[in-house]
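First up is the structure itself, then whatever we jot down about it.
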């Protein structure tokens, strides 16, 4: 089937707020609706132009959060609504599916991204099998049929830390640097945030002293055949994990026809996406696998990228990416330049969409005006994420100065 180019007319997100914080009373659609309205306002597009909403969500436990958002955001009743659950990958996978609707001609204007109200997530329980039995509560569903392939994700991170040689001190140092970049970049990041419940900045980033790092409890150690001292030295601490959070992040995907019809000025073009699977027992490495597969397919090298965002649910993921970038001769400082998920938090279904919004914002910041004409000075950006069950997702965008 022939495909048409897909452009991104605007991008926006809420602040990322820790669970139990300022968004604790808000449901998913209540966090996302102001972001949707701000997204359309920034583009100068009326609500009745939207053909579909595609929304990633991981903890809503059913229903159709995308439809709830479309209605709460006052989109037309005929607007289609698709909800996507690929756990941590959901926000980016939803955007990819939205882009495919535009590319295939099924829609001209799609709002897509992710939203999560972890604070309001339903309490999960399995139904009793027999009369008189009680429901059995559980924290998370299984992500692989075989229990040995479905370890606790903290344990998976500790196993990877031990196998790759990342000490606790190195992980904690990476986390502290992520927080420092987030604090330093707060003014830059503010432009992408739509106020929700009065919150206008990410709530979690903080200054972390070495004394504070040393006092952080370890939450996971590898079960590999190592000495007790070696296991402690490669443990994962609380600071090296992206904390539970609430947030929403959306992009406005449009066709060239829509740009001309509505006079839109897209800032970026959607170039491609890669979703893939791998070993469920070690899911965190799949973000890099997806990114490398995508770049190879598009014939693009790491050194050609101007913005790189990894949702680093664990510090060991960021350390893996830094090593890869340095080995490729690329600029490792481009990775999560204003802090990543470690510093912001992890609103599961929204995290990857937040990463893409960050890429788009950083590319937009690099626009230069020469002789009165705005032109891109650096054009390519990559966002990537890994998901429970052994999934990876990555997306590639290019800055554009197309005017209609």
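The values are calculated or read from the model by the stated rules, or taken from the named source; none is laboratory data. Being a predicted model, the structure only gives us computed values, none of them experimental. All Cβ positions, glycine included, derive from the backbone under ideal geometry; neighbour counts span all protein chains shown.
Numbers below:
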| quantity | calculated |
| --- | --- |
| Condition check for residue 295: out of contact with any helix residue (DSSP H, G or I) (no Cβ under 8 Å at 6 or more places or on another chain), assigned to a helix (DSSP H, G or I) and modelled with pLDDT of 95 or more | no |
| Any hit, segment 98-108, residues being touching a strand residue (DSSP E or B) at 6+ places or on another chain (Cβ under 8 Å) and either exposed (fewer than 11 other Cβ atoms within 10 Å of the Cβ) or in a strand (DSSP E or B) (or both) | no |
| Failed condition for residue 132, given (1) farther than 29 Å from residue 27 by Cα; (2) touching a helix residue (DSSP H, G or I) at 6+ places or on another chain (Cβ under 8 Å); (3) part of a loop (DSSP other than H, G, I, E, B) | (2) |
| Selected residue (only one of 310, 276, 305, 253 is surrounded by 17 or more Cβ atoms within 10 Å (Cβ to Cβ), at pLDDT 95 or above and more than 17 Å from residue 335 (Cα to Cα)) | 253 |
| Counted residues, segment 211-263 - those being over 30 Å from residue 91 (Cα atoms) and assigned to a helix (DSSP H, G or I) | 11 |
| Residues satisfying the stated conditions in segment 271-292, i.e. outside any strand (DSSP E or B) and either touching a strand residue (DSSP E or B) at 6+ places or on another chain (Cβ under 9 Å) or closer than 24 Å to residue 337 by Cα (or both) | 278, 280, 283, 284, 285, 286, 287, 288, 289, 290, 291, 292 |
| Any hit, segment 148-162, residues being surrounded by fewer than 10 Cβ atoms within 10 Å (Cβ to Cβ) and in a loop (DSSP other than H, G, I, E, B) | no |
| Any hit, segment 38-52, residues being within 17 Å of the chain's Cα centre (by Cα) and either within 22 Å of residue 291 (Cβ to Cβ) or assigned to a helix (DSSP H, G or I) (or both) | no |
| Any hit, segment 115-122, residues being farther than 19 Å from residue 18 by Cβ and outside any helix (DSSP H, G or I) | yes |
